[in-house]
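The values are calculated or read from the model by the stated rules, or taken from the named source; none is laboratory data. Bear in mind the structure is a predicted one, so any value in this text is a computation, not a measurement. Please note: Cβ atoms are built from the backbone with ideal geometry, for glycine as well, and neighbour counts cover all protein chains shown.
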Amino acid sequence: MSSQPALTRLPEPVPDARERAHGRAGPVSLRWGEVRASGAGLAWQQGGRWHARLHLWSGARALRGHWLWRTECDGTRRLHWRPDHGQSWRVRCLPGSTSLRFPAFGEPASRRPPCVLRIALRASPAGLALLRRGLWPLCLPSGAAGQAAGAAHVVAWADLPFACSPVAAFVRLELAGVLAGEPAPRAGSDPWARWTAWAERQASDTRAVQRALEVHDADLLIDLQDFGAAARRAGLAGYAPPIAQPDGVRRYALVDAQAACDQMTLAHELGHLIGAGHAPAHGVASTLDRLAASGRPIGARGLACASARGWQSPRRGVQTVMGGLGADADRVYETLPLWSEPGLTWDGRRTGDVGTRARGARGVADDAAWWAQAAPGYRRVRGHEG
Ligand SMILES: [Zn+2]
């Protein structure tokens, strides 16, 4: 496979410190020879080369799906492709040169610099091993450097929906640090009950949460576990307990490390912490949803949000980040790295338009315009580097 191409053209400006650590995330446009496609993606530099992970859903059929540009540990370049997240990666190549662009948004929704939410990952021994090994087929440096790089990828991928949304882009995520944590109990016959109970105990230990946040000057603490593929299917991939810390803010969630990237689970739980609920038709009327409906401040910065919802298209088998579990929970939806919102397009269509059509059948609302509405009350906590 010596003909494997590099990404020949990539982001031109010298990245700032945040991008050096987390990569550049956002809407992408890929040209490969004569064909083009667009979607969302992440590009980062490692070992002096650009690497990228892309999710393309609009444009030439030959390019649609998930792409991963990477360099093997022996220095050879490999290009991996899979049609959707439920399938395995395969090596693929097309003729011609490649270039990747990160198109700029049009008119920015807000002139304010983004507010950065800093995330501390507290990983179980198995979660730490996953971070070191890399959650995608990546070749990471050994030891602590590899662990930090793996953790940065987890956070960068959860940042993607923010980076892809003109109205949400005033919130960006940043890895604050990695801590060693305890393993959750084994799944047993009822992983949902076991793991939610465990997560609620962790969130209730407010002193421990506070200590973990202070160690890395973080806003949110995420317990990262390795539930294993079978348990992930049978149980849960993530959970944000409705328990607030002493300052009245929910700052804790439990997430499976692999699902954090493959199913956007970390982004989903962060959505809960910030205040978003599920699609209302899906019967997951959680405590969170009731709190949100009552207008109580629940978000990481005390935001209340009664209306931010996920969007699902049963016909197309895709959902936005807050799509959540449906009555057809056995069905695997592909989660787009997008918040549903008016004005955001998917596959050439506005998610608002598609959601409106879906609403009749499934009662699915999509209204993440609250990101923009909430902005004036959103306290800016840190400046944006660069
Ligand atoms: Zn949820």
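Of note, Ala212 satisfies the criterion of being assigned to a helix (DSSP H, G or I) and touching a residue at least 60 places away in the same chain (Cβ under 8 Å). Only one residue in Ala229, Ala203, Ala259 is over 25 Å from Trp339 (Cα atoms), within 16 Å of the ligand (Cβ to nearest atom) and of a type in the set (A, V, I, L, M, F, W, C), so which one is that? Selected residue: Ala203, the only one of Ala229, Ala203, Ala259 that is over 25 Å from Trp339 (Cα atoms), within 16 Å of the ligand (Cβ to nearest atom) and of a type in the set (A, V, I, L, M, F, W, C).
Just one residue in the set Ala40, Ala6, Ala62 is touching a Cys at 6+ places or on another chain (Cβ under 8 Å) and either of a type in the set (A, V, I, L, M) or modelled with pLDDT of 90 or more (or both); that residue is Ala40.
One residue stands out among those in segment 233-292 that are basic (Lys, Arg) and either crowded, with 24+ Cβ neighbours inside 10 Å or not in a helix (DSSP H, G or I) (or both): the one that is modelled with the highest pLDDT, which is Arg251. Within the option set Gly65, Gly75, being surrounded by fewer than 21 Cβ atoms within 10 Å (Cβ to Cβ) and more than 23 Å from Gln319 (Cα to Cα) holds for one residue only, Gly75.
Does Ala149 count as in a helix (DSSP H, G or I), more than 15 Å from the chain's Cα centre (by Cα) and either closer than 25 Å to Glu72 by Cβ or at pLDDT 85 or above (or both)? Lay out the reasoning, then the answer.
On the way: in a helix (DSSP H, G or I): yes; more than 15 Å from the chain's Cα centre (by Cα): yes; either closer than 25 Å to Glu72 by Cβ or at pLDDT 85 or above (or both): yes.
Yes.
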